[in-house]
Amino acid sequence: MAARKALARPTLAMLPRVSDNLSFLYVDICRIVQTDTGVCAEVAAGAGSVHRVPIPTAALACVLLGPGTSITAPALATFMRHGTTVVASGAGGILHYGNLTPEARTTLWLDRQVRAYADDTRRLDVAQHMYELRFGEEVEEGTSIERLRALEGQRMKALYRQLAAKHRVKPFKRSYDPASWDEQNPVNKALSAGNAALYGVVHSVVSHLGCSPALGFVHTGSQRSFVYDVADLYKAETTIPLAFSLHDSTGPDGTARFRLRSELKLYRMIPRIVRDIQRLLAPDLDADEEEDTSPDRWQVVDLWDPTAGSVAGGVNYAEDGV
């Protein structure tokens, strides 16, 4: 009973399925093993005994392994066979250290990302949609990226002024300089720590969908450009208000990470992050349309076609008589 409670405490979260049947599991302080009946989490139950809790591998899209977790090769192979992405994460799933994505994962969302990224018109459309998602207001069609940057800057300055007045903080200026971290004010420290946590959660979602974290639409030049793009959608309602609330904290960075981790605020946003990425990359996609994950889908790969987009693989296209 104690082992079950330990495994089910707030740091273990099973999220509800979203539009394309994605579910995420975070687990820590246990050993993931393969048994004769499936994959289990072994949890110390006291007096040298071990309690095993079954993990529904076939129902999971992504498993985040937190601190104190180990996994055996057979268990990892089972996750890969079932198409489950495995992520090495920080406590509470708020940091992203790396991931293994199964070969069976579709390239559907990566294809859509690359097509939009490679076309300047579509790339600008995605940037505009990001602004609309972020601030809840429409922008005129054809608005330049320079104008979007200016609008974003105005909105962020206004938000900083509003929160500074609410918490009675001196005029605030965003600053991040790792070389002079100790000299940063509490708000900047908390904001940097909170943003790092947000980037970790977003990175896990981007990795599971099979998108490239490097192909950003607003940010560029970094291996996490798309992660920064998506994370910006949520800062105004998560990390920024939290940072200002810690303006008089003696340990703002640690407190910010603890609050985000213990309250699972970011982790519970995963279904929303998934939906927002899908809306950005495929704005005309039916909300009920799901990614084709049937077993037959993975027997062959498709072939690129400039007109049709793709044609079936495993077919001999030689002309008759040739």
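The values are calculated or read from the model by the stated rules, or taken from the named source; none is laboratory data. No experiment lies behind these values; they were computed from the predicted model shown. Note that each Cβ is placed from the backbone with ideal geometry, even for glycine, and that neighbours are counted across all protein chains shown.
Filtering the range 83-104 for residues that are farther than 22 Å from Pro213 by Cβ and modelled with pLDDT under 90 leaves an empty set. Evaluated against (1) loosely packed, with under 15 Cβ neighbours inside 10 Å; (2) part of a helix (DSSP H, G or I); (3) within 24 Å of the chain's Cα centre (by Cα); (4) not basic (Lys, Arg), Gln154 falls short on exactly one condition, (3). For the range 74-89, a residue qualifies if it is closer than 11 Å to Ile32 by Cβ and hydrophobic (A, V, I, L, M, F, W, C), and the qualifying residues are Ala75, Leu76, Phe79, Val86. You will find that of Val201, Val114, Val139, the residue that is buried (at least 20 other Cβ atoms within 10 Å of the Cβ) and in contact (Cβ under 8 Å) with a residue 12 or more places away in the chain is Val201 and no other. For Gly92, work out the one condition from (1) outside any helix (DSSP H, G or I); (2) under 15 Å from the mean Cα position of the chain (by Cα) it doesn't fulfil. Condition (1) is where Gly92 drops out. The set of residues in the range 30-39 that are among the charged types (D, E, K, R) and in a strand (DSSP E or B) contains only Arg31.
One line per residue, one yes/no per condition, for (1) in a strand (DSSP E or B); (2) within 23 Å of the chain's Cα centre (by Cα); (3) closer than 21 Å to Arg261 by Cβ:
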position	(1), (2), (3)
Tyr26	yes, yes, yes
Ala41	yes, no, yes
Val53	yes, no, no
Val63	yes, yes, yes
Ser70	yes, yes, yes
Leu76	no, yes, no
Phe79	no, yes, no
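Scoring Trp181 on the criteria (1) of a type in the set (Phe, Trp, Tyr); (2) within 24 Å of the chain's Cα centre (by Cα); (3) at pLDDT below 90 leaves a single failure, condition (2). Look at (1) closer than 22 Å to Leu264 by Cα; (2) polar (S, T, N, Q); (3) crowded, with 19+ Cβ neighbours inside 10 Å and you find that Thr69 fails only one, number (3). Might you check whether a residue that is touching an Asp or Glu at 6+ places or on another chain (Cβ under 7 Å) and not acidic (Asp, Glu) occurs anywhere in the range 244-261? No. Of the residues Arg161, Arg168, which single one is at pLDDT 90 or above and in a loop (DSSP other than H, G, I, E, B)? Going through Arg161, Arg168 in turn, just one is at pLDDT 90 or above and in a loop (DSSP other than H, G, I, E, B): Arg168.
Each residue in the range 252-275 was checked for being under 10 Å from the mean Cα position of the chain (by Cα) and buried (at least 21 other Cβ atoms within 10 Å of the Cβ), and 5 of them qualify.
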